[in-house]
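The structure appears below as C-alpha cells.
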Amino acid sequence: MPAALLELAAAQDGVVSRTQATRLGFGRYPQQRMVQVSAWQRLAPGIFLTHNATPPWGALAWAGVLLAGDGARLGGLAAAYGHRLTDEPPQQIDILHPHGSRLKSWGLLCFHQERDGVRPRTTVGSPPRTTIDDTVLDLIGTDLGRSSGKDAVHWLTAAVQRRLTTPERLLQAVHQRRQLAGRNEVINLLTDVADGVQSPLEHHYRRHVEAAHGLPRSRRQASARSGGQRLWRDVYYERFRLLVELDGTIGHTGEGRFRDYRRDNAALMDGDVTLRYGWHDVRRETCQVARQVARMLRRGGWQDHPHRCPNCSPGLMDDL
C-alpha cells in the first residue's frame, strides 16, 4: 500500500473508499486482491476496512460518511457519541447527506437527506459531524432524537455540565434555527440551565415545586466551605438557612450515603438545615415536598405564604 494511503487509513479508523485508494495509486485489482486474501474486508459497496479485525464503531461511522459522499456527516445520537455527549455508542448510525440523492439503509447505517437551511453547514471532528450545539438541538427537536429515551432537559444539562458548550451558545443556535419544535420551552429550559440547573430532577423541582407554589427563588449549585472542604449544594435558600439536596439515584447506598450524611452534618454544624428528596418525592409527591419546604422556610423567617398549584389538595397549604 502506498504510504499516503496508509496515512489516510490511519486517520479514518482504518477505512478507505475505492475512490480514495485508486486516487492514491492503489487500483481496483490490488483492492480486490486484499479482500480475497482477507487482509481487507468490505464494509459496504466500495468501502473497505484495511485490516481483518472486528470493525470498531468509529470504522462503521467512517464507512457511512464515505458511502454517502461529499458533504456527509454524522448526526443525531451518532454525533452525540462523537462529541462524548453520551457514553454508549448508538445501535443506529445516522448519516446526514446533502439533499438530492436517496440512499438505502445499510446494516447499522441510516441515511437522512439534509434540507438546505435547516442547520448551518459547519462540520467538525473526525468522522465529520454536526457541531455540539446543532447536535443538541437535533436531539430535542427532530426525529433523530426520538429513539434516545432522553428528554430535552437531559440533553441541555448534559451538554453544559460536561463543558461541551454553554447556555449562551445554545441559545444563539436556537435563534439561528428557522424551525424548532418547542422553541419557547427550549429557551425557558436554557434560562434554568444558565441559572445552575444541572439535572432533570433539579429542573422539575425548580418548575413544579418552587415556582408553582410561590416559594422564594433559591441558589443553584451554591459553593461553600465547611470543615476545610468545599461543598456544592443543589438548592440553597441562603437567607433562611435551608438546604434542599436532590438525589436522582435509585437505591443510593454505600459510600454515597455516608458522604450524604457527612454533608448534612457539616451543614447542620454551620447552622443550615437540610431536606433531602429523591426522584419519587419530587416527581410523585410534588405538593407535599412544597409544603415541607415552605414550613422550613417559615421557620427560618420567610414571611410570605405558599401558593396552591392546580394539583394541590384542598387545604394543603392553609395552615402554614
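The values are calculated or read from the model by the stated rules, or taken from the named source; none is laboratory data. Worth saying up front: this structure is predicted, and the values here are computed from it rather than measured. Cβ placement follows ideal geometry from the backbone for every residue including glycine, while neighbour counts extend to all protein chains displayed.
So is A21 modelled with pLDDT of 95 or more, surrounded by 19 or more Cβ atoms within 10 Å (Cβ to Cβ) and assigned by TED's automatic domain parsing to the domain that holds E114 or not?
Values: modelled with pLDDT of 95 or more: yes; surrounded by 19 or more Cβ atoms within 10 Å (Cβ to Cβ): yes; assigned by TED's automatic domain parsing to the domain that holds E114: no.
The answer is no for A21.
For R119, all conditions in the list (1) farther than 13 Å from A79 by Cα; (2) at pLDDT below 85 hold save one; what is the number of the exception?
Among (1) farther than 13 Å from A79 by Cα; (2) at pLDDT below 85, the lone unmet condition for R119 is (2).
Return yes or no: is P56 surrounded by fewer than 17 Cβ atoms within 10 Å (Cβ to Cβ) and within 28 Å of R162 (Cα to Cα)?
Numbers: surrounded by fewer than 17 Cβ atoms within 10 Å (Cβ to Cβ): yes; within 28 Å of R162 (Cα to Cα): yes.
It is true that P56 is surrounded by fewer than 17 Cβ atoms within 10 Å (Cβ to Cβ) and within 28 Å of R162 (Cα to Cα).
Within segment 6-39, track down each residue that is in a loop (DSSP other than H, G, I, E, B) and polar (S, T, N, Q). Steps first, answer last, please.
Here is the first cut: in segment 6-39, the residues in a loop (DSSP other than H, G, I, E, B) are 12-14, 24-27, 37-39.
Hits for segment 6-39 are Q12, S38.
Regarding A79, is this residue small (G, A, S), out of contact with any Phe, Trp or Tyr (no Cβ under 8 Å at 6 or more places or on another chain) and surrounded by fewer than 22 Cβ atoms within 10 Å (Cβ to Cβ)? Give the steps one after another, and end with the answer.
Numbers: small (G, A, S): yes; out of contact with any Phe, Trp or Tyr (no Cβ under 8 Å at 6 or more places or on another chain): yes; surrounded by fewer than 22 Cβ atoms within 10 Å (Cβ to Cβ): no.
So A79 fails the test.
Does segment 276-285 hold any residues that are surrounded by fewer than 19 Cβ atoms within 10 Å (Cβ to Cβ) and outside any helix (DSSP H, G or I), and which are they?
Correct list: R276, G278, E285.
Which pairs do you get when a residue that is of a type in the set (F, W, Y), found in segment 150-171, comes within reach of a residue that is modelled with pLDDT of 90 or more and surrounded by 21 or more Cβ atoms within 10 Å (Cβ to Cβ), reach meaning Cβ atoms under 6 angstrom, with the pair 6+ apart or on two chains?
From segment 150-171, the pairs are W155/V136; W155/L139.
Report, by residue number, each residue of segment 95-123 that is among the charged types (D, E, K, R) and out of contact with any Asp or Glu (no Cβ under 9 Å at 6 or more places or on another chain). First the steps, then the outcome.
At the first step, the residues of segment 95-123 found to be among the charged types (D, E, K, R) are 102, 104, 114-116, 119, 121.
Matches in segment 95-123: R102, K104, E114, R115, D116.
How many residues does segment 40-54 hold that are in a loop (DSSP other than H, G, I, E, B) and under 17 Å from L8 (Cα atoms)?
Within segment 40-54, the subset in a loop (DSSP other than H, G, I, E, B) is 40, 45-46, 50-54.
With the extra rule that they be under 17 Å from L8 (Cα atoms), the set shrinks to 40, 46, 50-51.
Selection size over segment 40-54: 4.
Residues of segment 59-76 being surrounded by 24 or more Cβ atoms within 10 Å (Cβ to Cβ) and either on the phi > 0 side of the Ramachandran plot or assigned to a loop (DSSP other than H, G, I, E, B) (or both), which ones?
G75, G76
Would segment 286-309 turn up any residue that is basic (K, R), at pLDDT 65 or above and part of a loop (DSSP other than H, G, I, E, B)?
Yes, that holds for at least one residue.
What are the pairs with Cβ atoms under 7 angstrom where one residue, in segment 293-320, is closer than 21 Å to R241 by Cα and the other, located anywhere, is loosely packed, with under 15 Cβ neighbours inside 10 Å and modelled with pLDDT under 90? Sequence gap at least six, or different chains.
A294/L320; R295/L320; R298/L320; H305/L320; P306/L320
Among the numbered conditions (1) within 26 Å of T191 (Cα to Cα); (2) modelled with pLDDT of 90 or more, tell me where V235 comes up short.
(2)
Given the options R73, R84, name the one that is in the same structural domain as L171 (by TED's automatic domain parsing) and either touching a Cys at 6+ places or on another chain (Cβ under 7 Å) or under 27 Å from L5 (Cα atoms) (or both).
Going through R73, R84 in turn, the sole match is R73.
How about segment 86-102: which of its residues are of a type in the set (A, V, I, L, M) and in contact with a helix residue (DSSP H, G or I) (Cβ under 6 Å, 6 or more places away or on another chain)?
Answer for segment 86-102, where residues must be of a type in the set (A, V, I, L, M) and in contact with a helix residue (DSSP H, G or I) (Cβ under 6 Å, 6 or more places away or on another chain): I93, I95.
Just checking, does segment 155-178 include any residue being modelled with pLDDT under 85, surrounded by fewer than 18 Cβ atoms within 10 Å (Cβ to Cβ), over 11 Å from the mean Cα position of the chain (by Cα) and not in a helix (DSSP H, G or I)?
Taking every residue of segment 155-178 in turn, at least one turns out to be modelled with pLDDT under 85, surrounded by fewer than 18 Cβ atoms within 10 Å (Cβ to Cβ), over 11 Å from the mean Cα position of the chain (by Cα) and not in a helix (DSSP H, G or I).
Hey, D87 hits all of (1) in a helix (DSSP H, G or I); (2) under 18 Å from the mean Cα position of the chain (by Cα) but one; which does it fall short on?
Looking at each condition in turn, D87 falls short on (1).
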